[in-house]
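Report on the structure given below.
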Amino acid sequence: LDEAEPLCREALDGYREVLGERHPMTLNQLANWADVLRSRGALEEARAAVSTALVGQRELVGEWHWNVLECRAIQAHINVADPATAAEGIAAMKAAVADMRQHLGAKNEYCRKYEAVLATVLSQVLAIPQPEREYSGVVG
């Protein structure tokens, strides 16, 4: 993570410079940056970044585009990291994964990735065994 953080920030700055603040790729990188911030424990900064990315993506590409669905999953993951919003985050992640299945297909790489994230969240946060097959996708 120590090596990835500056690279992620550098990529975000590059997208902003070349494509502008409101380009889907810039907003996608902003969501990735929010996920890095989550892993660092900077939850308020992460929430602000993913919120900006999600609003922009919805306006640019529509509700069911993979960019929006991934932003929703990242936003949910950030909420899971905060005990005060963990239950809300789990519910939101389940909804994001269900929407990914419906709109992207169960074999889609983002769907499989966030099924695996959800399985990890459920096993760690709720301290239960790995969830049933329904949420046991493989990161691809």
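The values are calculated or read from the model by the stated rules, or taken from the named source; none is laboratory data. The structure presented is a predicted model; accordingly, all values stated were derived computationally and were not measured. For neighbour counting, all protein chains shown are included, and Cβ atoms are generated from backbone atoms with ideal geometry for every residue, glycine included. Just the protein is used for accessible areas: all its heavy atoms, side chains included, with ligands, DNA and RNA removed. Shrake-Rupley method; radii C 1.70, N 1.55, O 1.52, S 1.80 Å.
Would you mind finding the one in LEU104, LEU37 that is touching a Phe, Trp or Tyr at 6+ places or on another chain (Cβ under 7 Å) and within 22 Å of ALA119 (Cα to Cα)?
LEU104
Identify the residue in region 1-21 that is surrounded by 13 or more Cβ atoms within 10 Å (Cβ to Cβ) and modelled with pLDDT under 95 and, among all such residues, is farthest from VAL68 (Cα to Cα).
Per the criteria, the residue is GLU5.
Could you identify the single residue in TRP66, TRP33 that is aromatic (Phe, Trp, Tyr) and open to solvent by 40 Å² or more (accessible area, probe 1.4 Å)?
TRP66
Among the residues of region 9-27, are any touching a residue at least 40 places away in the same chain (Cβ under 8 Å) and touching a helix residue (DSSP H, G or I) at 6+ places or on another chain (Cβ under 8 Å)?
yes
Out of all the residues in region 26-65, which are closer than 21 Å to ASP99 by Cβ, among the hydroxyl-bearing types (Ser, Thr, Tyr) and under 12 Å from the mean Cα position of the chain (by Cα)?
SER51
Return the only residue of SER51, SER39 being modelled with pLDDT under 95 and either assigned to a loop (DSSP other than H, G, I, E, B) or open to solvent by less than 60 Å² (accessible area, probe 1.4 Å) (or both).
SER39
If the requirement is being in a helix (DSSP H, G or I) and within 22 Å of VAL125 (Cα to Cα), which of these qualifies: ASN67, ASN79?
Result: ASN79 is the single residue among ASN67, ASN79 that is in a helix (DSSP H, G or I) and within 22 Å of VAL125 (Cα to Cα).
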